[in-house]
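Engineer: Before we start, here is the structure in question, set down as structure tokens.
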Amino acid sequence: MATRAKKKNTESIVDFKSAPLIPIRNVVIFPNIVQPLTVGRIKSINAIEAALKKDRFIVVSTQKSEFVEDPKPEELFDVGVGAEIIQVIRLPDSTLRVIIEGFSRVKIKDFQAVRDYYEVEIEPISSSYSNTHFMQALKKELIDSYDQYYQMNKRLSPENYIDLINIKDLDRITDMISSALIISVEEKQKILGEIDLKNRIRQLIEILKREISILDLQSKIDNDVKSKFDKTQKEYFLREQLKAIQKELGETESEYSDEVKKYRDKMGKLNLPEEAKKAVEEELNRLMKMPPMMAEAGVVRNYIEWVLSLPWNSESEDQLVLANAKTSLDEDHYGLKDVKERILEYLAVKKLSQQIKAPILCLVGPPGVGKTSLGKSVAKAMNRKFVRMSLGGIRDEAEIRGHRRTYIGALPGRIIQGMKQAGTKNPVFLLDEIDKIGTDFRGDPSSALLEALDPEQNASFSDHFLEVPFDLSKVFFITTANVVHTIPPALRDRMEIINLSGYTEPEKKHIAEDFLIPKQLAANGLNKKDVLIKEEALDKIISEYTREAGLRSLERQIAKIFRKIALQKAMKEETFKKLTVKANDLIDYLRLPSFRHEEKGKVLDSGIVTGLSVTEFGGEILFIESNKMVGKGNLILTGQLGDVMKESATAAMSYIRSRSEYFNFPLNFNESLDIHIHVPEGAIPKDGPSAGVTIFTSLMSLLKQKKVSGNIAMTGEITIKGRILPIGGLKDKLLAAKRAGITTIYIPKENEKELFDIAKDITKDLTIIAVEHLDELYHYIFER
């Protein structure tokens, strides 16, 4: 078929002046080349059909852009190829599989739109040349370059090989090489459009030389990579053979021999426990058998280094001179009698007996009272290392126990990391904010702490990373918390709770004079010769510019004053004179007072009574107000009260109704009334049972229309039978009452014993009356 087509081509080439146009993309077709095409565009299919009906001749031209679906004449190259259709296969998807053979370059002169395709007028282009020695030399160089290119290019299959030596037509040789080259469409089109044969050969030789140079560079890169890989493989096999030979000879040698020897020397000096020693030996033997550059070797090495870096037997010597320890504690902290006594008791028992187990203390108190800094002072007083670990927000059990070594980047838990940091097995270990541990899908960190904080178990604490027991029995654990109720019961049971109440105003004043002012003077580049804060100014800072149980805000206010004075000193260094800060000067340094505490008020009406509460900032007084109106017996509660406080109000009302005859009220006095109980500062949530007696007194004041003195405050939980139950935070509540100028306080009878542990400067000038029943309270307030 191809032979017949060629004959037809020869006969008709002279008359070839117009033909249907087939635009093609991503390919350039050359004369003398048989090329298959898949035709799918409607215009191209119509052009094929028209050619088949005529003389089977078409013109093929490459698009300038492959993304144009329906190219216009200006979007096609003007040099194409005249071709003859050899075969057409119609495919099921309506496309055509067409095999064509190019026979001549053509110059497209004009486009004519015929139905749904273009008919183009063309001018055939032919090349002529003289068979000179120069042209023969060009031909030989071209053929040699192509042979070299073919040998180097792995992307060319044997089908691409062309035996060019026996082809005499130089024009045909250039077309066949151009078609076989793996270059861009633009370069191929440029070669197709080059009419001068000599220039076309030059272009082809330049392109072949360039491609050969690139292929040569690729080959060098490939050989370099391969040689390195081959070298690694060769080394691996040689090492394996060496191991086999050494094994036969009874000799053992490893890449890691020197490293393992160093580890064994270190292990010998540490005197490890038997289990730890066995685990390290197993890992060392594994390391010896590992081939070089194995990733697992890094994991094994990391484990060994961690085990050998822990303080298995290193201890610091305790300070057992109790007088020195007491002096050290008193130097750093004022007050805190209970904690200091407990530390001294432990040291005393340790001095007398070496069998004592380290205590696990939990310091509970509001922010800023010195819980965290107290841990440092304890370590200093005992001559031990200090480690702090914050538990706030921890939700992953692995933070405590570590990750198993199967995980990438696994590490021991933070307890073992802290022991490494301390360098001794008996540090003071502070677990800060233990009440703020979280729980989620990754586990319960508080459960992981149970073993560490249990004196009966922590002698063999197990970390997931180490997988060998570590002795924590000599660690002095101190935990801190703001509240106790959020600590899980099992964990709370393992700790000795020590409550740190807020400081009284005299205590704050003493601490400010002895600790805070000297500290802030040094921090701000001042000294005692530069500034003096008068006593009344310090009192006013404490009472009107801070609202806390601790000392942080007080220290910030003092620092603020000193910074302003430091600015004045820096600006007037030569003329600066000592400044005295008086109470009236505070508005210049600190602006207006930031806080105010509720103060005993002028009781304007019946139904208003002063109560006592405890917040995270310490004790506070609060007012409970009651009012009545015509209604249907409803009890209205407002002020963002919690469920427990609402139940206290209901219990108080139930008791009053059950004892209406005793209180001289009509039998169903409440049926025509609505009673409204409100606790001011409604934006602040309030809850707890200790407001029960205050609510009862407020209701009685309202119903009796008798005013309660503003000098009276009270606290206590009540039952529906009138019993008054004990409450917590008595010291903080008494502090709040004293700060507000209250003189008489009613407390539950069962709390009376706590007064013995409260400092005299708190109870001084306070009349404290203990009551155990609401009838007794009623008698004191309304019948005396």
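The values are calculated or read from the model by the stated rules, or taken from the named source; none is laboratory data. Source: prediction; values computed, not measured. All Cβ positions, even for glycine, are placed from backbone atoms using ideal geometry, and neighbour counts span all protein chains on display. When the accessible area is computed, the model is the full protein with side chains, heavy atoms only, and any ligands, DNA or RNA have been set aside. Shrake-Rupley method; radii C 1.70, N 1.55, O 1.52, S 1.80 Å.
Engineer: What pairs from Lys519/Lys738; Lys707/Lys753; Lys376/Lys425; Lys508/Lys582 go past 25 Å between their alpha carbons?
Structural biologist: Numbers: Lys519/Lys738 29 Å; Lys707/Lys753 31 Å; Lys376/Lys425 17 Å; Lys508/Lys582 18 Å.
In this structure, Lys519/Lys738; Lys707/Lys753 exceed 25 Å between Cα atoms.
Engineer: Listed highest first by mean packing, meaning other Cβ atoms within 10 Å per residue, what order do 354-362, 24-32 come in?
Structural biologist: Working: 354-362: 15.4, 24-32: 18.7.
Per-residue mean Cβ counts within 10 Å order the peptides as 24-32, 354-362.
Engineer: Go through the range 395-407 residue by residue and turn each phi into a ³J(HN,Hα) via Karplus (6.51, -1.76, 1.60, θ = phi - 60°); whole Hz please, and just put x for glycine and proline.
Structural biologist: Listing the rounded values in order: 10, 10, 4, 5, 4, 8, 9, x, 9, 5, 5, 5, 7 Hz.
Engineer: Here's something else I'd like to know. Quick one: accessible area per residue over the range 621-687, 1.4 Å probe, rounded to a whole number of Å²?
Structural biologist: Counting only protein heavy atoms, the per-residue value for the range 621-687 is 56 Å².
Engineer: Then there's this: Sorting check: for 464-473, 765-774, which peptide has the highest mean count of neighbouring beta carbons within 10 Å, and how do the rest follow?
Structural biologist: On the way: 464-473: 19.4, 765-774: 16.3.
Ranked by mean Cβ neighbours within 10 Å, highest first: 464-473, 765-774.
Engineer: Over the Cα atoms of the range 568-705, Rg to Rh with Kirkwood Rh, two decimal places?
Structural biologist: 1.27
Engineer: Considering amide H positions built from the backbone, and no H for Pro or chain starts, which residues 5 or more places from Phe477, or on another chain, come under 5 Å of its amide H?
Structural biologist: Leu361, Phe429
Engineer: Out of all DSSP beta bridges in the chain, what portion is antiparallel? Express it as a percent rounded to 5.
Structural biologist: Working: 54 of 94 bridges.
Restricted to the chain, the bridges split so that about 55 percent are antiparallel.
Engineer: Can you work out the Karplus-derived ³J(HN,Hα) for every residue in the range 694-700? Use 6.51 cos²θ - 1.76 cosθ + 1.60 with θ = phi - 60°, whole Hz, and x for glycine or proline.
Structural biologist: 5, 5, 4, 5, 4, 5, 5
Engineer: Can you give me the relative contact order of the chain as a percent, contacts being Cα pairs under 8 Å and 6 or more apart? Working shown, then result.
Structural biologist: Numbers: 1295 pairs, mean separation 55.5, N = 784.
Once normalised by length, the contact order is 7 percent.
Engineer: Could I ask something else about it? Note down the net charge around Glu141, summing +1 for each Lys or Arg and -1 for each Asp or Glu among other residues with Cβ under 13 Å from its Cβ. Don't jump to the answer; show the numbers that get you there.
Structural biologist: Numbers: positive: Lys139, Lys140, Lys198, Arg202, Lys209; negative: Asp144, Asp147, Glu206.
The answer is +2.
Engineer: Once you sort the root eigenvalues of the Cα gyration tensor of the range 366-415 as a ≥ b ≥ c, which label holds: rounded (a/c under 1.5), prolate (a/b larger than b/c) or oblate (the other case)? Walk me through the numbers on the way to the answer.
Structural biologist: Values: a/c = 5.49, a/b = 1.93, b/c = 2.85.
Since a/c reaches 1.5 but b/c is at least a/b, the shape of the range 366-415 is classed as oblate.
Engineer: Name the shape class, rounded, prolate or oblate, that the alpha-carbon gyration tensor gives for the range 329-396, where a ≥ b ≥ c are the square roots of its eigenvalues, rounded holds for a/c under 1.5, and otherwise prolate holds if a/b is larger than b/c and oblate otherwise.
Structural biologist: Details: a/c = 1.99, a/b = 1.35, b/c = 1.47.
It comes out oblate by the Cα gyration axes.
Engineer: Can you order the peptides 708-714, 722-728, 476-482 by their average number of other Cβ atoms within 10 Å per residue, highest first?
Structural biologist: Working: 708-714: 21.7, 722-728: 19.6, 476-482: 23.9.
Ranking, from highest mean packing down: 476-482, 708-714, 722-728.
Engineer: Then there's this: Would you grab the residues whose amide H sits under 5 Å from the one on Val581? Only those 5+ places off in sequence or on another chain, please, with H modelled 1.01 Å from N.
Structural biologist: Residues meeting the criterion, in which the H sits 1.01 Å from N, are Leu532, Ile533, Lys534.
Engineer: I'd like the Karplus ³J(HN,Hα) series for the range 117-133: coefficients 6.51, -1.76, 1.60, θ = phi - 60°, whole numbers in Hz, and an x wherever there's a Gly or Pro.
Structural biologist: 7, 9, 9, 10, 8, 10, 10, x, 10, 10, 10, 10, 7, 9, 7, 7, 4
Engineer: Could you tell me what fraction of 2.2 N^0.38 Å the Cα radius of gyration of the chain comes to, as a two-decimal ratio? Each step should come with its number before you reach the end.
Structural biologist: Details: Rg = 48.6 Å, N = 784, 2.2 N^0.38 = 27.7 Å.
Compared with the compact-globule rule of thumb, the chain sits at 1.75.
Engineer: Please list, in chain and number order, the residues 5+ apart from Asn499 or on another chain whose amide H is under 5 Å from its amide H, with Hs placed from the backbone.
Structural biologist: When sequence neighbours closer than 5 places are left aside, the close amide H contacts are Val364.
Engineer: Sum -39500 (n - 2.57) across every DSSP H segment of at least 4 residues in the chain, then divide by the residue count to get the 222 nm mean residue ellipticity, nearest 500.
Structural biologist: Details: 26 runs with 328 residues, N = 784.
Per the formula, -13000 deg cm²/dmol.
Engineer: For the range 272-425, just list the percent of Cα-Cα distances falling in each 10 Å bin from zero outward, please.
Structural biologist: Cα pair-distance distribution for the range 272-425, in percent: 9, 28, 28, 19, 11, 4, 0.
Engineer: Separate question: Tell me the angle of helix 295-309 to the major Cα principal axis of the chain, expressed in degrees between 0 and 90 and rounded to the nearest ten.
Structural biologist: 20
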